[in-house]
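Here's the structure, in C-alpha cells; my notes come after.
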Amino acid sequence: MKILIIEDEPRAVGQLQRMLKTCSFNFQLLGVIDTVEDAVEWFQEHTAPDLVFMDIQLADGLSFEIFQKAEVEAPIIFTTAFDQYAIQAFKVNSIDYLLKPIQKEDLSLALDKFIKSNTSTSIEPSVLKQLLGSLQVSYKRDGLLVKEGSGFVQIKISELLYCYSEDSITFGVTASKRFIIDETMDELFNSLDQKKFFRINRGQLIAKTSIQKIDPYFNHRVKLSITNPRDQEFIVSRPKTRDFKEWMNN
C-alpha cells in the first residue's frame, strides 16, 4: 500500500508511522510533505498514491487549498487539531478524519473503513466551501495555562508576544518571561485569534502587537524585529510572505 503523508509537525509524522506499524498496516511511504505549495507540485508530477494522510493546518495555509490547485485522485484521511465542534462538516459529507492526538483505536477504524470501501475521495467545490466555513473557529480563548515550577499558572493571551517550538517543546514569551506551553504549535495556533496572531513559519508564531520593524530579507522573505526576542530570529518563510503582508494590512 503506497501512502503519502502531508504534515508539518515531525513529531506527528513519526507518531503516525509508528501507529500504522502497530496496526499491522503494510505500507510504503512515498514521502512526507509539509506545505501546500510542495503538495500541489507533488500531485502535479506524480501518480496518485493509494492513500493520503493530510493535516489540515500546514506551514503555509490550510490543506484544502491543495484541491483548488491540483487534481487529487486518492482517498484522504484528514488529521486535525481543530476541536470536534469545528469539523461537523466532515461527518455530514462522510469525509474521514482523525482528531489529534491520534488514538490507535481511531486509526484502526479509519483504516478498516478505507480497506472496505477502497474508493477515491473527491471533494466537490461546494463541499470544500462548507469545510472551509466550518473551520472559521470562534475565538473565545483569553487565557493560557503554562508550566511554572512543578505546577501551572494562567497568563492572559493579550500578554503573549510570540511562541516557538524547540526540540518538540512549545515555548511562549511575554515581555517579562519565557514559559513552557503543554500544547503543540498546531493546537496552540488553531486556538488563537488569527487576526492577532500569525504563524510566520513552521516553528514560530507572533502577535501583531509584538512587531517593531519589518525589513526585507533575501530570497523574497522579510525579517521581523520583535519585542523581547531572547536570541530568536524571526524570518517569515517565503510561502507565507505574501499572506503576512496582507495580514499586516488588515
Given the conditions (1) within 20 Å of GLU9 (Cβ to Cβ); (2) assigned to a loop (DSSP other than H, G, I, E, B), and given that CYS163 satisfies all but one, which numbered condition is not satisfied?
-> (2)
Residues of the range 194-240 satisfying the condition of being under 18 Å from GLN57 (Cβ atoms) and polar (S, T, N, Q) = GLN194, ASN201, GLN204, SER237
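The rows are residues; the columns are (1) open to solvent by less than 60 Å² (accessible area, probe 1.4 Å); (2) among the basic types (Lys, Arg).
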position	(1), (2)
ARG178	no, yes
ASP186	yes, no
PHE197	yes, no
LYS208	yes, yes
TYR217	no, no
LEU224	yes, no
GLN232	yes, no
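Of all helices (runs of 4 or more DSSP H) completely enclosed by the range 26-140, which ones contain at least 2 residues that are modelled with pLDDT of 80 or more?
It comes to 36-45, 65-69, 104-117.
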Name, by its number, the condition in (1) touching a Leu at 6+ places or on another chain (Cβ under 6 Å); (2) open to solvent by 20 Å² or more (accessible area, probe 1.4 Å); (3) not aliphatic (A, V, I, L, M) that does not hold for ARG18.
-> (1)
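If you go through the range 139-150 one residue at a time, do you hit one that is under 22 Å from ASN249 (Cα atoms) and surrounded by fewer than 16 Cβ atoms within 10 Å (Cβ to Cβ)?
For the range 139-150, residues under 22 Å from ASN249 (Cα atoms) and surrounded by fewer than 16 Cβ atoms within 10 Å (Cβ to Cβ): present.
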Pairs with Cβ under 7 Å, 6+ apart, first in the range 178-192 and under 18 Å from LEU98 (Cβ atoms), second aromatic (Phe, Trp, Tyr) and modelled with pLDDT under 85 | ASN190/PHE82
Residues within the range 21-44 that are open to solvent by less than 30 Å² (accessible area, probe 1.4 Å), in contact (Cβ under 8 Å) with a residue 40 or more places away in the chain and more than 22 Å from GLU105 (Cβ to Cβ), tallied | 2
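The values are calculated or read from the model by the stated rules, or taken from the named source; none is laboratory data. Only a predicted model underlies this, so the values are computations on that prediction, with no experimental measurement involved. So basically every Cβ, Gly included, is an ideal-geometry build from the backbone, and we count neighbours across all protein chains shown. What goes into the accessible areas is simple: the full protein's heavy atoms, side chains included, and nothing from ligands, DNA or RNA. Shrake-Rupley method; radii C 1.70, N 1.55, O 1.52, S 1.80 Å.
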